[in-house]
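Before any comments, here is the structure.
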Protein chains: 2
Amino acid sequence: MKSNVKTRHEARAKIIKAMAHPSRLFIIEELSKRECCVNELTEMIEADTSTVSKHLSVLKNAGLVTDEKRGNSIFYSLRCPCIMDFVSCVEDVLSSNAKEHIEILKCCKG
Amino acid sequence: MKSNVKTRHEARAKIIKAMAHPSRLFIIEELSKRECCVNELTEMIEADTSTVSKHLSVLKNAGLVTDEKRGNSIFYSLRCPCIMDFVSCVEDVLSSNAKEHIEILKCCKG
DNA sequence: TGGCTATTTGGCTATATTGCCAAATATAAT
DNA sequence: ATTATATTTGGCAATATAGCCAAATAGCCA
């Protein structure tokens, strides 16, 4: 693979990898509705605060979210709303998978 | 997090995780142009055949690609072309990141 | 100042992923 | 049948990730 092509895909993979976790997808979905602080997300996810904080830092590092300190809290928000379009594409794959499984079941039954 | 919400995000994460690797993104991009067999992809990627084969099985397992045996080879193709729309969203994030870095540099220079 | 709340960081263990090699399998061609 | 070609599988070592606890940090308020 040519070096510049490799670099391009590494950059993309970095961002996609940041999304590739259930809790982080949950966070992305919540932030697409409204900005949230760490505490709010922690309560929703029901994990350790430090764990959620680390997830947020992964997302921030990838450039998917931004944070803003206001009063006592830090509010996170989604940086590129187009991310949610992607989630809908993932849903397409999922339903496509489900259809195929149903087809396979039909075939088994004969 | 409610159990059904958790399940939904786990399913999504599984698919996204399958995309989250430079070589697999390269494969997805190539397959979006035309179907390819393992050998072709192996030559392009310049890795061990077994490595590429395993990447393909990850993609297949997630339902992102299908394979079809023809003659001596197995041809892989992309199952949901909308995946490429997502890649363009990732590009948005990347260029948005780049812009921000440039802004930061400007600020430093004063 | 000193305590309070919100968040991040360090450290650790458990688990998952990657990529190579060698070996197994499958199919085509001679 | 034997050989050659294409692909997958098993095994292993190196590396990366996840999540918890404890401790550190930062800003607010009395």
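The values are calculated or read from the model by the stated rules, or taken from the named source; none is laboratory data. Being a predicted model, the structure only gives us computed values, none of them experimental. Quick reminder, even Gly has a Cβ in these numbers, built from the backbone with ideal geometry, and neighbours come from all protein chains shown.
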Query raised in the report: Just a yes or no: is a residue in segment B:65-82 closer than 16 Å to A:R8 by Cα, more than 13 Å from DNA strand D (Cβ to nearest atom) and modelled with pLDDT of 95 or more?
Result: no
Query raised in the report: What do you reckon, is B:R8 without any contact (Cβ under 8 Å) to a residue 12 or more places away in the chain, more than 15 Å from DNA strand D (Cβ to nearest atom), facing chain A (nearest Cβ under 10 Å) and of a type in the set (K, R)?
Result: yes
Requested in this report: Give B:I102, B:I16, B:I28 a once-over and let me know the one that is among the β-branched types (V, I, T), outside any strand (DSSP E or B), in contact (Cβ under 8 Å) with a residue 40 or more places away in the chain and under 26 Å from A:I83 (Cβ atoms).
Outcome: B:I28
Report summary line: Of (1) away from DNA strand D (no atom under 13 Å from the Cβ); (2) under 17 Å from the mean Cα position of the chain (by Cα); (3) part of a helix (DSSP H, G or I), B:K54 fails just (1)
Query - Considering residues of segment B:86-105 that are more than 10 Å from every other protein chain (Cβ to nearest Cβ) and among the aliphatic types (A, V, I, L, M) only, the residue nearest to B:L64 (Cα to Cα) - result: B:I102
Report summary line: Filtering segment A:22-50 for residues that are near DNA strand D (Cβ under 8 Å from one of its atoms) and either more than 9 Å from every other protein chain (Cβ to nearest Cβ) or hydrophobic (A, V, I, L, M, F, W, C) (or both) leaves a count of 4
**Report entry** Looking only at segment A:54-77, and only at residues there that are over 23 Å from B:S96 (Cα atoms) and near DNA strand C (Cβ under 8 Å from one of its atoms), the one that is nearest to the other protein chains (Cβ to nearest Cβ)
**Finding:** A:S73
